[in-house]
Amino acid sequence: MADEKKEEKKRKSIDPATIEILCKMEAEHISNAFERAETTKPCPIGHSGACCKICFMGPCRLTGKTTEGVCGATVDTVAARNFVRMIASGAAAHSDHGRGMAMTLIAAAKGEAPDYKIKDERKLMVVARNLGVKTEGRSKEEIALDVGMTALAEFGKQEGELLYIKRAPAKRQEIWRNLGVVPRGVDREVVETLHRTVIGNDQDAEHILMHGVRCSLADGWGGSMMSTDISDILFGTPGPVASRSNFGILKEDEVNVVVHGHEPTLSEMIVVAAQDPGIIKYAKSKGAKGINLAGICCTANEILVRQGVGVVGNFLQQELAIATGVVDAMVVDIQCVMQGLVAVASKYHTKVITTSPKAHIKGAERVEFHEHNALETAKKIIRMAIDNYAKRDKSKIQIPDYIDRMVAGFSHEYIAYMQGGIYRESFRPFNDAVMQGRIRGAAGVVGCNNPRVTQDDPHTWIVKELIKNDVLVVTTGCNAQACAKQGLLTPEVMEIAGAGLREICETIGIPPVLHMGSCVDNSRILTVLAQCVSEGGLGNDVSDLPAAGFAPEWMSEKAVAIGEYFAASGVNTFMGVGHPAEGSEEVKHILTKVWQEKFGASYFFEPDHKKAVADALAIIDAKREALKLEKYDPKRYVRSKTYLSNDYLTREQFDKGSRSMSKV
Ligand code: XCC
């Protein structure tokens, strides 16, 4: 019977630790997202983008014989409107996060947030230059203040162009200018998306979708990019760091504090507070051996890539983590936090603590976080967890014995550094390897979990298939965490990589799957693409590069915004699960055929992940042919006998103290 249950659960996840906890929760009659996905089927009309509820004459369900809403809106208009509203929400989420980072930088520069310091001066100078901020003869605080103010102004800018657009290749900027989609200010594009899609306004699918592009670019090349840059300035630019993942990193004899959400501001302080001798002493006074900090979703990625803090799991594991019975506090900030956490926590001793002024959950405890007393708040939260430690019900404890090793923290700066050292950093070796056919191409595999597909299966199948085919993979978000759990973020994965890719990775000293950070750090991937173009030899635009993007298990509106800005930046992008505008042939046509003509890349929604990879490889080969590169031949390069050593973890010059406190 137990085996039967396990077999049934295997359809839900490929992760044995997840399966073990799903069986436990079923035995304890505790609901979770996997189970709710069984009982709550998607509404077929909303699922296809054909439900219009933007006014109160409806909602109008454009299905069957109903071909227009009460106002006369067609399914194409309705599906396009729904689609760009997803983009607007996603862009708003990433960008509001970016705005928060700019405000933290300003507060730090003014001395109003004494617990935050400028950790990466080198990055501060680079960002200042990009934003046109003067650096000569000024203190780092003065520069940081201007960087923060300039970034903040980008959100509310009404005219002109976002400053970071200049980081895209010149040809791409021209394409955007000619199409009229260069974003002005981040907030303006989000607001205009909502305005255009109000009842009786923009009613031409292509016209609506073109503004969706503008809005998404304001996210990728605006809010998200600024968020990444400022996080690096405040907390350090990531470099490789060893860590571990999955439920096995939770400890039975220590106070477990799990941070979850997206922002690094509080979690960075929790990392500091967890090492405070007074706090550790307090934990010991309550019978615990110490404090074990771990993360879920993108808050986890933020403190993983900078501090080496371990990852409990990705999106679908948040409720399950509590069901191990050993999470003393789950500290959440913004985005991707399930309301179901509170119900699960009510069956255990776990405190769910909300911290953001923008997000509270009914029934959770609340400790509102503000920058000016950050460390104090972090300590208060950890003390709450310590006080809760003794309340565990020992009969309910079950920690699956799965721990996976990983190496994460590949910022674009570090990847460039590995290809030439501090004085000659570049993308030349990578570009040369692509030109010779040793590396066939590159792919970004990113995005969420979705219980409508087997958790982590499409994610990791795609990554493995790509590296087998000599395609270098960069990853972020919940895909990165899926990869971690399957051991795909270790140097050993070189064993399954194609010979050419393996040879180059060994030479450079990087694994074939590079964890670049959180979801806002998809902006790092945009920067890498721009760097590959400017390095030369692979065309003069992103759309010339043999590259592709995937979000095989997406569920969030943020993922739709990300996919859109990748496609509009010239990367053919494959989303999994299903098409949110399935009900409109016109929208599907525009996102694929018309986008291909306008942007040189299509926005595909392909639920069959095996087909998506086959299609992407065909596109990569076609790009190679258009560039007149060596035809890719998997047998051309043989496997070398050498093996990558682990010494790339000791690059002290790059580390510069930013990862001195790994929890592993
Ligand atoms: Fe959320 Fe960023 Fe999606 Fe994961 S990948 S489920 S958005 S945590 Ni961005």
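The values are calculated or read from the model by the stated rules, or taken from the named source; none is laboratory data. Computed from a predicted structure; not experimentally measured. When we count neighbours, we look across all protein chains shown, and the Cβ atoms used for this are built from the backbone with ideal geometry, even at glycine.
A few points about this structure:
- Subset of the stretch 309-331 (residues that are away from the ligand (no atom under 16 Å from the Cβ) and over 21 Å from VAL271 (Cα atoms)): ALA323, THR324, GLY325
- Residues of the stretch 332-344 that are away from the ligand (no atom under 15 Å from the Cβ) and either charged (D, E, K, R) or surrounded by 23 or more Cβ atoms within 10 Å (Cβ to Cβ) (or both): VAL344 alone.
Residue-by-condition table, conditions (1) outside any helix (DSSP H, G or I); (2) aromatic (Phe, Trp, Tyr); (3) surrounded by 14 or more Cβ atoms within 10 Å (Cβ to Cβ); (4) touching a helix residue (DSSP H, G or I) at 6+ places or on another chain (Cβ under 9 Å):
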site: LYS5; (1), (2), (3), (4): no, no, yes, yes
site: ILE21; (1), (2), (3), (4): no, no, yes, yes
site: LYS24; (1), (2), (3), (4): no, no, yes, yes
site: HIS29; (1), (2), (3), (4): yes, no, no, no
site: GLY58; (1), (2), (3), (4): yes, no, yes, no
site: LYS65; (1), (2), (3), (4): yes, no, no, no
site: MET86; (1), (2), (3), (4): no, no, yes, yes
site: ARG99; (1), (2), (3), (4): no, no, yes, yes
site: MET103; (1), (2), (3), (4): no, no, yes, yes
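- Yes/no for VAL446 being within 22 Å of VAL312 (Cβ to Cβ), more than 16 Å from the ligand (Cβ to nearest atom) and hydrophobic (A, V, I, L, M, F, W, C): no
- GLU263 falls short on exactly one of the conditions (1) in contact with a helix residue (DSSP H, G or I) (Cβ under 9 Å, 6 or more places away or on another chain); (2) at pLDDT 95 or above, and that condition is (2).
- Residue list for the stretch 10-19, restricted to those being buried (at least 20 other Cβ atoms within 10 Å of the Cβ) and either of a type in the set (Phe, Trp, Tyr) or over 24 Å from SER346 (Cα atoms) (or both): LYS12, SER13, ASP15
- Restricted to the stretch 427-443, and to residues there that are over 19 Å from HIS515 (Cα atoms) and of a type outside the set (A, V, I, L, M), the residue that is modelled with the highest pLDDT is ARG440.
- Flag if TYR414 is crowded, with 17+ Cβ neighbours inside 10 Å, modelled with pLDDT under 95 and either away from the ligand (no atom under 16 Å from the Cβ) or not in a helix (DSSP H, G or I) (or both): yes
- The selection criterion, being in a loop (DSSP other than H, G, I, E, B), modelled with pLDDT of 95 or more, within 16 Å of the ligand (Cβ to nearest atom) and of a type outside the set (D, E, K, R), holds for VAL453.
- Residue in the stretch 489-504 that is nearest to the chain's Cα centre (by Cα), counting only those that are closer than 19 Å to VAL311 by Cβ and away from the ligand (no atom under 16 Å from the Cβ): THR490
- Unmet criterion (only one of (1) crowded, with 24+ Cβ neighbours inside 10 Å; (2) closer than 21 Å to SER556 by Cα; (3) over 19 Å from the mean Cα position of the chain (by Cα)) for THR454: (1)
- Checked against (1) farther than 21 Å from PRO546 by Cβ; (2) assigned to a helix (DSSP H, G or I); (3) more than 16 Å from the ligand (Cβ to nearest atom), PRO458 meets all criteria but (3).
- Any strands (runs of 3 or more DSSP E) falling wholly within the stretch 216-335 and containing at least 2 residues that are of a type outside the set (Ser, Thr, Tyr) and without any contact (Cβ under 8 Å) to a residue 40 or more places away in the chain: 291-296
- Near pairs, Cβ below 6 angstrom, 6+ apart or cross-chain, from the stretch 525-548 (on the phi > 0 side of the Ramachandran plot) to any residue that is part of a helix (DSSP H, G or I): GLY537/ASN431; GLY537/MET435
- Residue in the stretch 581-599 that is within 16 Å of the ligand (Cβ to nearest atom), farther than 24 Å from GLY537 by Cβ, of a type outside the set (Asp, Glu) and not in a helix (DSSP H, G or I) present: no
- Filtering THR67, THR40 for residues that are free of Cβ contacts under 8 Å to residues at least 12 places away in the same chain and over 33 Å from the mean Cα position of the chain (by Cα) leaves a single hit, THR67.
- Considering LYS396, LYS391, LYS379, the condition of being over 18 Å from ILE322 (Cβ atoms) and modelled with pLDDT of 90 or more is satisfied by LYS379 alone.
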